[in-house]
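A.B. asks: The structure follows.
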Amino acid sequence: MIAEEHLDREALELAEALQPIHHPPHSFFRKYLWSLDHKVIAKQYLWSGLIFLLVGGTLAMVIRWQWAFPGRAVPVLGPVFFRDSGGAVGPAQYMQVFTMHGLIMIFFAITPILIGAFGNYCIPLLIGARDMAFPWLNALSYWVFALSLCLVIGSFLGELGAAGAGWTTYPPLSTNVGTPGSGQTLMVAAVFVTGVSSIMGGINYVTTVIRLRAPGMTYFRMPLTVWGLFLTAVLNVLFVPVLGSAALLLLLDRTLGTQFYLAGAATQGGGDPILFQHLFWIFGHPEVYILILPAWGIVGDLLAYFSRKPANWYRGSVLSMVAVTVLSAVVYGHHMFMTGINPLLGQGFMVLTLIISIPAELLFLNWLRTIWKGSMRLTTPMLFALGMVFVFGLGGLTGLYLGAVAPDFYLHDTMFVVGHFHFTMAAASFLASFAGLYFWFPKMFGRSMSEPLGKTHFWVTVVGITLVFGGQLLAGYSGQHRRLYDPFVYQYLQPLRALNRYTSYAAFILFLGQLAFIWNFFHSLVRGPKAEANPWQVGTLEWSIPSPPPMHNFDHLPVVRRGPHELSSPEVRARLGRDWIGQAEVLPDAHDVPKTAPARG
C-alpha cells in the first residue's frame, strides 16, 4: 500500500510538472476571440455549429416544400431568395439548395458540434488534463474553420448562385463544364479549408489522449466518450488528407484549367472523373464513422449513467469501436457498385461491408444489455440516447441491403439511400449531439435546462425524424429517385405524391419542434437555475470540479483509481451511502464508515 501511494505521488508530481497552471487572460481578445482555453474554443465551435445547423435545417425545409408542392411559391423565404422565379424554387436553384444543405449539415453543422465542441470540451476534462496538448494549434484550428465558414457564405453570394453539383461534388458536373460560376469554386475551397482545420484538431486530440491522461487513467479506464472522440481523431488524421487532395485537384481543374477529372475527345490530358469518386469515398465512408463514433461513445456512457449500472462488457464495446475504425478503411467500394468496377472486386467490398456490421451489432447488443433490468432514470439526456439507439438500429438494418450488390442495383440513387444515411449518420449524430448538450450544459454554463421542455423537444424530434426518414425509405423502395426537382412529372411516381406531402408535413413539425430547444437553451443560459455540483450523480472526472470549470480545470491533477461506470456497487453504497463513486475518489475503509450511513440515490 505504501509503495502504491509512493508511485501515485511520483506520477502526480511528474504530471503537475508537465501541465503547469497559467494565469488567465484579461483582455477581451485573448479571453473570447483568440483564446487558448479548450473550453472557450469548444463554445466557439458550438455556436458556429448551431448557427449553421439552423441554416442547413432551413434549406431542408425548402427541399421538403418542393417535394410536397412542386412549383409553388415558398412561404416567407420565397419572396426574399427566389424572386426571379416568382418565389418558387427553380430547377437550378433546387440543385443549389440540396447541395448546400448536404455539405453544410455534414461539414459545418454536425462536425463542429459533435467533434469540435464536445471533443474540445470533454477530452481534457474526462482524462484529467488541464488543456489540450497544443493550445495554440487548437485556437488556430478553430479560426481556420471560421475561414471555411466565410467561404460557405461567399458561395451563397457567388456569381451564378451557390454550389449546385450535389454534396458529393462528382465531376464532370462539379467542373466548370457542368457548374460554372464562383459559388461552386468557393464551396470546394471551403471543404478543403475545413479539412485543414480537422487535421489540426485530429493531431491535437490524438496527442492529448496519448500524452496527457491523468495518473492512473489507463486506456481501459477512459470513458467511452473519449474513446469515440479519440478514434474519430485517428480517422480524421488518416483520411481527411485524401478528401483534401480530391478537393485540391478539383480546385485546380476549376481555376487553372488542369484536367485531372475531365475525360473525352475535348481534353488533352486524359483525366478520369471516376478518380474523384475513389478519392471521395476513401474518405467518405470513414466519414460516416468519423461522425458516428463520438455519438456511440456518448450514448454508451449515458446509457450506463442513467441505467445506474456499469456498461455491459466495456472492453468489448471499446474493441468493437476499434474494429469498426480499422474496417472503415476497406469498405468504401460499396458506394461504387454502379461505376463498372470488376464484379470480383465488388464482391470483396460487399463481404467486407457485411463484416463491419458485426462489431456494430455487438456494440448495439451491449447497449441493450446495459439498459436491461437497469434502474433507469428517464432524464432528457437519457431519452435522446435511447432515441439514438432506435434510429441507428433502423439505419443499420436498412444498410445491409445497400451493402449487397444485387439489391443495391435497384436501390442505388433512390430515396431509400437518402433515408438510410439520414437515419444512420444524420439522425443518430443529431440525437447524440442533443444528448450530450443536455448532459454537459450544466458543466459548460453552470445552469440547468428545463426538463419538461427538453422532453417535449425529444418527443417531437424523435417522432418527426422517424416519420420523415421512414417516409424516404418507403418512397425509395417504391422507385422514387433522389435529386429529382419534380418527381411527379413521371407517371409511375404519381401515386407517391401523397406520401411525399405527408412526409413534408412531418418535416415541418420537426423543424418547428426545435423552437422548444432554442427557447430552452437561451432561457436557461440567462435565467436557468444554478446547476448542482453533480446533477446526474456520476463519477467521471469533470463532475469533481466546479461548474463551469476554471481555466486550468484542476487545482490538483487527479489520481484515477477506477473506471467511469462504477455504479450501484453494494460496497460503495454500504460505505458512502450512495450508488456512485468518483473515478479519483478514495473509498474509505469499512471500519471508518458509520453503520447507519443513509442510503441515497
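A.B. asks: Carbon and sulfur: what percent of the chain's accessible surface (1.4 Å probe)? Present the calculation step by step, with values, prior to reporting the outcome.
C.D. replies: On the way: 17150 of 24870 Å².
In the chain, the share of accessible area belonging to carbon and sulfur is 69 percent.
A.B. asks: With the other protein chains left in place, how much accessible area per residue, in square angstrom, belongs to the range 419-537 at a 1.4 angstrom probe? Working shown, then result.
C.D. replies: On the way: 5180 Å² over 119 residues.
Heavy-atom SASA per residue in the range 419-537 reads 44 Å².
A.B. asks: So how strong a dipole does the range 378-531 carry about its Cα centre when Lys and Arg Cβ are +1 and Asp and Glu Cβ are -1, to the nearest 20 debye?
C.D. replies: On the way: 9 positive and 4 negative charges, 109 e Å.
Dipole size: approximately 520 debye.
A.B. asks: If Lys and Arg each add +1 and Asp and Glu each add -1, what is the summed charge of the other residues whose beta carbon sits under 14 Å from the beta carbon of Ala73?
C.D. replies: Working: positive: Arg72, Arg83; negative: Asp84.
Overall, the nearby charge balance is +1.
A.B. asks: Still on this structure, I have one more. Tell me the per residue accessible area of the range 3-143 using a 1.4 Å probe; a whole number in Å² is fine. Don't skip to the answer; put the middle values down first.
C.D. replies: On the way: 6060 Å² over 141 residues.
I get 43 Å² per residue for this part.
A.B. asks: Would you mind pulling out the separation of the Cα centroids of the range 560-574 and the range 298-320, in Å?
C.D. replies: Comparing the Cα centres of the range 560-574 and the range 298-320, I get a distance of 14 Å.
A.B. asks: Turning to a different aspect of this structure: Please work out the C-alpha center-to-center distance from the range 188-205 to the range 35-109 and express it in whole Å.
C.D. replies: A separation of 22 Å, based on Cα centres.
A.B. asks: Now for a different question. Taking the highest mean first, how do the peptides 519-530, 229-240 order by number of other beta carbon atoms within 10 angstrom per residue? Could you put the intermediate results ahead of the total?
C.D. replies: Working: 519-530: 14.1, 229-240: 24.2.
So the peptides 519-530, 229-240, ranked by packing, come out 229-240, 519-530.
A.B. asks: Over the chain, what is the relative contact order in percent, taking alpha-carbon pairs closer than 8 angstrom and at least six residues apart? Working shown, then result.
C.D. replies: Details: 986 pairs, mean separation 89.5, N = 601.
15 percent.
A.B. asks: Tell me what the chain gives for mean residue ellipticity at 222 nm when only DSSP H runs of n ≥ 4 count, each as -39,500 (n - 2.57), the sum divided by the residue total, rounded to 500 deg cm²/dmol.
C.D. replies: Details: 18 runs with 360 residues, N = 601.
After summing the helix terms and dividing by the residues of the chain, the value is -20500 deg cm²/dmol.
A.B. asks: Right, next: What distance in nm separates the two pseudo spin-label positions at Arg497 and Glu451, each 7 Å out from Cα along the beta-carbon direction?
C.D. replies: So the two model labels end up 4.9 nm from each other.
A.B. asks: Long-range amide H contacts for Thr414: which residues qualify at under 5 Å (H placed 1.01 Å from N, peptide plane, sequence gap of 5 or more or a different chain)?
C.D. replies: Answer set, sorted by chain and number: Arg482.
A.B. asks: Separate question: Which one, Gly244, Phe280, Leu54, projects farthest toward the positive side of the charge dipole computed for the chain from Cβ point charges (K/R +1, D/E -1)?
C.D. replies: Leu54
A.B. asks: Just to be sure I understand the model, the point goes 7 Å from the Cα along the line to the Cβ. What's the resulting Leu400 to Ala73 distance in nm?
C.D. replies: 5.0
A.B. asks: Cross-link partners among lysines for Lys530, C-alpha distance below 29 Å, same-chain residues fewer than 8 apart left out?
C.D. replies: Output for Lys530: Lys31, Lys39, Lys43, Lys309, Lys443, Lys455.
A.B. asks: Here is a further query. Run the dipole for the chain about the Cα centre, Lys and Arg Cβ at +1, Asp and Glu Cβ at -1, nothing else charged, and hand back the magnitude in debye, nearest 20. Mind showing how you got there, number by number?
C.D. replies: On the way: 35 positive and 28 negative charges, 263 e Å.
It works out to roughly 1260 debye.
A.B. asks: Can you tell me what percent of all Cα-Cα pairs in the chain are more than 42 Å apart?
C.D. replies: Values: 41493 of 180300 pairs.
Summing the P(r) of the chain above 42 Å gives 23 percent of all pairs.
A.B. asks: Please give me the summed charge of the neighbours of Gly582: other residues whose Cβ is under 10 Å from its Cβ, Lys and Arg +1, Asp and Glu -1. List each step's numbers first, then the result.
C.D. replies: Working: positive: Arg561, Arg562; negative: Glu566, Glu585.
Around Gly582, the surrounding residues sum to 0.
The values are calculated or read from the model by the stated rules, or taken from the named source; none is laboratory data. Only a predicted model underlies this, so the values are computations on that prediction, with no experimental measurement involved. Cβ atoms come from the backbone with ideal geometry, glycine included; neighbour counts cover every protein chain shown. What goes into the accessible areas is simple: the full protein's heavy atoms, side chains included, and nothing from ligands, DNA or RNA. Shrake-Rupley method; radii C 1.70, N 1.55, O 1.52, S 1.80 Å.
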